[in-house]
1. Looking at Ala38, Ala49, Ala34, Ala20, which is the one that is among the small types (Gly, Ala, Ser), assigned to a strand (DSSP E or B) and away from ligand 2 (no atom under 16 Å from the Cβ)?
2. Check Val99, Val110 and return the single one that is of a type in the set (A, V, I, L, M, F, W, C) and buried (at least 21 other Cβ atoms within 10 Å of the Cβ).
3. Applying the selection to region 223-247, what residues are in a loop (DSSP other than H, G, I, E, B) and either under 13 Å from Thr203 (Cβ atoms) or of a type in the set (A, V, I, L, M, F, W, C) (or both)?
4. If I filter region 207-214 for residues that are surrounded by fewer than 17 Cβ atoms within 10 Å (Cβ to Cβ), within 26 Å of the chain's Cα centre (by Cα) and at pLDDT 95 or above, do I get at least one hit?
5. So is Glu61 more than 16 Å from ligand 1 (Cβ to nearest atom), touching a residue at least 24 places away in the same chain (Cβ under 8 Å), of a type outside the set (Gly, Ala, Ser) and not in a loop (DSSP other than H, G, I, E, B) or not?
6. Evaluate the following for Ala135: is it crowded, with 24+ Cβ neighbours inside 10 Å, in contact (Cβ under 8 Å) with a residue 12 or more places away in the chain and not in a loop (DSSP other than H, G, I, E, B)?
7. Look at Thr172 and say whether it is among the hydroxyl-bearing types (Ser, Thr, Tyr), at pLDDT 95 or above and under 22 Å from Glu29 (Cα atoms).
8. Quick one: in region 269-320, of everything that is within 16 Å of ligand 1 (Cβ to nearest atom) and among the β-branched types (Val, Ile, Thr), which residue is surrounded by the fewest Cβ atoms within 10 Å (Cβ to Cβ)?
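The values are calculated or read from the model by the stated rules, or taken from the named source; none is laboratory data. Computed from a prediction, not measured in an experiment: that's the story for all the values here. For neighbour counting, all protein chains shown are included, and Cβ atoms are generated from backbone atoms with ideal geometry for every residue, glycine included.
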Amino acid sequence: MAGFSKDLGIDLGTMFTRIADGTQIIVDEPTIVAIEVADQKMVAVGKEARDMYGRVPDTIEVARPLQNGVIADYEITETLLHVFLKRTSGLIRIFKPNVMISVPYGVTSVESRAVHEAVLQAGAREAYLIQQPLAAALGVDLPINSPSGNMVICLGGGSTQAAVLAMYGIVTAETLRAGGMQLDEAIVTYVRRKYGVIISEVTAEQLKIKIGAAVPQDTEQSMEVQGQDQVTGLPRPVTLTTSEMVEALQEPLKQIAETCRRVLEKTPPELVSDIIDRGMALTGGGALLRGIDKLLTKTLGIPAYLVDNPLTCVAEGAAKALPMYPHLRRSLPPV
Ligand SMILES: Nc1ncnc2c1ncn2[C@@H]1O[C@H](COP(=O)(O)OP(=O)(O)OP(=O)(O)O)[C@@H](O)[C@H]1O
Ligand SMILES: [Mg+2]
């Protein structure tokens, strides 16, 4: 029977959940659910739930069950995983999958046990946990089976994880419980302070993605967005530029760079010299911010580069880790 089971890699992220079957991504959905408040019945999951955000009556709650990479609402997470797993196989009751699921580096044993339990309850036959930076490193094919140093930075929506890896394991690492969402909040604050206009976090994220950058750009872009006048409460449009985005993002980006610096400071010099040669791999949605590679290269003095599959590498690496279990076993979090 086990021969019919799928091996799946799951990246349970604050903003997105991605499931890989080998190198194929079969689920890529926002980690969001819509629930009927009165009876706690689920109305929608993933993209469908996200589209309801800010557009539903009080009787329906649209919620993210994860915060900063860890489960904030256990029941909802379990339901969400169940729905997504069912999509990978209509026959989940008969052909339960074996699952490798990512957790942020440095979570508590209570937090990681919750993930393990949730995915088993959601329909997995066997479940193993893997730290997100280790999965990301496998997903971008870093040679972590050797004694040389490799560095990966996961720039997620709710967390930033920087890690140095060698010999199938994490040598030094740190997690900052802040990520892309904090960049969006910084844009909201900037626009309110400078123009007296309140914009939503969704609008701030659009600004960041369309015209945002971590360092000044040769071509300046601008974008008009709708906000609400802080004093009159009336709708008011405001136009923002790329240089304003760079200014707005400086503080949270500094925190991200500091996290990477602290990891490098704790790393043995032999491994640091390997990293200087090979560079550090930037993964996660935040790696797509224009110029973040340049900013980190400049502030840390070590070349940083964007990987080919920043959004999917954690799920792909987790799927890859399943058959490597005998080698990885000692490095994986206990449950
Ligand atoms: N082009 C882009 N420029 C800047 N930021 C981007 C871009 N595309 C996506 N992002 C940001 O990437 C983040 C989502 O990344 P990702 O899917 O890796 O997060 P996650 O895995 O759900 O979160 P975490 O790993 O922290 O739990 C969001 O904050 C989003 O705004
Ligand atoms: Mg992630």
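1. Values: Ala38 fails: assigned to a strand (DSSP E or B); Ala49 fails: assigned to a strand (DSSP E or B); Ala20 fails: away from ligand 2 (no atom under 16 Å from the Cβ).
Sole residue among the options that is among the small types (Gly, Ala, Ser), assigned to a strand (DSSP E or B) and away from ligand 2 (no atom under 16 Å from the Cβ): Ala34.
2. Result: Val99 is the single residue among Val99, Val110 that is of a type in the set (A, V, I, L, M, F, W, C) and buried (at least 21 other Cβ atoms within 10 Å of the Cβ).
3. Those that are in a loop (DSSP other than H, G, I, E, B) and either under 13 Å from Thr203 (Cβ atoms) or of a type in the set (A, V, I, L, M, F, W, C) (or both): Val231, Leu234.
4. yes
5. In short, yes.
6. Working: crowded, with 24+ Cβ neighbours inside 10 Å: yes; in contact (Cβ under 8 Å) with a residue 12 or more places away in the chain: yes; not in a loop (DSSP other than H, G, I, E, B): yes.
Here the answer is yes, as Ala135 does meet what is asked.
7. Values: among the hydroxyl-bearing types (Ser, Thr, Tyr): yes; at pLDDT 95 or above: yes; under 22 Å from Glu29 (Cα atoms): no.
Here the answer is no, as Thr172 does not meet what is asked.
8. Going through the qualifying residues, I end up with Val307.
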